[in-house]
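Please read the structure below before turning to the comments.
The values are calculated or read from the model by the stated rules, or taken from the named source; none is laboratory data. The shown structure was predicted, so the numbers you read here are calculated from the model rather than taken from an experiment. Neighbour counts are summed over all protein chains in view; Cβ atoms, including those assigned to glycine, are modelled from backbone coordinates with ideal geometry.
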Amino acid sequence: MPAGTADDSGRNQGRTDVIVVGGGPAGASAAYAAASGGASVVLFEKEDSIAQTVRTSGVTWIDEVREFGIPRECYNPISGFSFCSPNNTVSIRGGGEPTAAVLDVRATYRWLASQADRAGARIVTGAAVTGVTRGSDGRIIGVTVARDGQNTTHKADVIIDASGFPSIVSKSAGMQWQWDRFGAGAEYEAEAENVDPDTWWLMVGQKYSPAGYAWIFPVGGKTVRIGVGVGKPESGADPTHILKRLVADREGPIADLGDIKVTEFHYGLIPNDGLARKTVYDGLMLVGDSAGQANPLVLEGIRYAIRFGRLAGSTAASAVLAGNTSADMLLPYEKGWRDAIESRVRSAGRIQDRWLGLSDEQWDRELDIIRGMTPDEFVSFVKAEFGVLDMARMAARRPGAAARHLFRLAGDRLR
Ligand SMILES: Cc1cc2nc3c(=O)[nH]c(=O)nc-3n(C[C@H](O)[C@H](O)[C@H](O)COP(=O)(O)OP(=O)(O)OC[C@H]3O[C@@H](n4cnc5c(N)ncnc54)[C@H](O)[C@@H]3O)c2cc1C
């Protein structure tokens, strides 16, 4: 029996170097990197299979997809970006290579888990982590797991909390608390009559979402994801309710889809509290949504989950091999991800605050500012990869205080 798993009596059977909690992109990537780094790894996923429930729209970027090695059959490339507000529309399209992608979420997450499995991680599904166990010095040394009607305990030198929004490990350890600010999203996956397979739509303004946006993302062939995201606590609106109305009334570009046959419903929550959480403790790391690692501009976190999942896993393996898994030894992980994204996320948060405050008329004007961006500029902007000079150049190309303000919010991150 592998280390750290339970026998039929439900008792703990030895220890594992690293326990990963959650089989989403962060957890699968952490398990892959920790196992590749030479650690023994067990990953617990509460659902019966990886990506059994889809809670995301799966938009990401071609550069990252290639860098991570995600197979071509797992995504649909996107080269056109359309935005609409109540009285304005902008379409950005270049003749070059596609820059964005809509993932086949199940296929991608299962591929990530298969990478972890091949690297030697043991993936245990149907296993819900319910709490933590502590040593006599108070350090977290294990987790309790409910599986097949039995409760077992499992010990490890490092526990990686990749449980997403619920942050089960760090919350049950009393180290974190519920998110104050978050996005709630509801989405249909559907077969539609008329699909432009390489263009996505973002829809802004009160009728689409009182604090957020609605979207149409083509998944490939005739399949699209139509969704609505609402910021909490900024709005009390229910995204499911708005989604039903938008589809029933065929609002905006949804009308152009023609007949729509809904095949699946997705619902999820994503943290939007910035990067306030500490993510390393003695023997404990937080990664992905449990660490709040999301780009606030469009609330996307999959590429961060994969990138920083890998960083967390390799840092954990190095600490295990060094025989010291204290917070100090795990700190290079926190330093690494903060250096990579903290200032960008802060700037993106300021733009998000501006966007949450716009009236419908102001959105109509905001789209005029976005008009004229090249596809590369647009993608860099939405990805929160603001080059200071690029922002200054974009501001200089547009008249008016609103444009100057928008690009200054993005461009002053290095000050
Ligand atoms: C509606 C919506 C749309 C989104 N759209 C996009 C998008 O287009 N692009 C993008 O990049 N990001 C998007 N996001 C955000 C993205 O989904 C997350 O940032 C990403 O999934 C984070 O990955 P993760 O592995 O940290 O968490 P998750 O993907 O949430 O994975 C956590 C895993 O842990 C498991 N788990 C939870 N509790 C336990 C437990 N107690 N025991 C064991 N396992 C447990 C869960 O079952 C799950 O498999 C969206 C989010 C929402 C809500």
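Points to keep in mind about this one:
- Taking the listed residues 366, 342, 385, the one that is at negative phi and at pLDDT below 90 is 385, with no other qualifying.
- Of all residues in region 216-226, those being surrounded by fewer than 23 Cβ atoms within 10 Å (Cβ to Cβ) and under 18 Å from the mean Cα position of the chain (by Cα) number 1.
- Screening region 139-162 for residues that are among the β-branched types (Val, Ile, Thr) and within 12 Å of the ligand (Cβ to nearest atom) and picking the one that is nearest to residue 47 (Cα to Cα) gives 145.
- Only one of the listed residues (184, 192, 211) is in contact with a strand residue (DSSP E or B) (Cβ under 6 Å, 6 or more places away or on another chain) and away from the ligand (no atom under 16 Å from the Cβ). That residue is 192.
- Annotation: of all residues in region 44-53 being near the ligand (Cβ under 9 Å from one of its atoms) and not small (Gly, Ala, Ser), the one that is farthest from residue 105 (Cα to Cα) is 44.
- The set of residues from region 48-88 being on the phi > 0 side of the Ramachandran plot, out of contact with any Lys or Arg (no Cβ under 6 Å at 6 or more places or on another chain) and crowded, with 22+ Cβ neighbours inside 10 Å comprises just one member, 58.
- Restricting 397, 393, 371 to those that are surrounded by 14 or more Cβ atoms within 10 Å (Cβ to Cβ) and either outside the structural domain of residue 90 (by TED's automatic domain parsing) or farther than 17 Å from residue 30 by Cα (or both) reduces the list to 371.
- In region 163-181, residue farthest from the ligand (Cβ to nearest atom) [restricted to those that are in contact with a strand residue (DSSP E or B) (Cβ under 6 Å, 6 or more places away or on another chain) and of a type in the set (A, V, I, L, M)]: 173
- Of the set (1) among the aromatic types (Phe, Trp, Tyr); (2) at pLDDT 95 or above; (3) in contact with a strand residue (DSSP E or B) (Cβ under 9 Å, 6 or more places away or on another chain), all apply to residue 337 but (3).
- Residue within region 298-309 that is surrounded by fewer than 18 Cβ atoms within 10 Å (Cβ to Cβ), within 15 Å of the ligand (Cβ to nearest atom) and under 25 Å from residue 201 (Cβ atoms) present: no
- Qualifying residue in region 119-131 (condition: over 21 Å from residue 216 (Cα atoms), in the same structural domain as residue 170 (by TED's automatic domain parsing), away from the ligand (no atom under 11 Å from the Cβ) and under 19 Å from the mean Cα position of the chain (by Cα)): no
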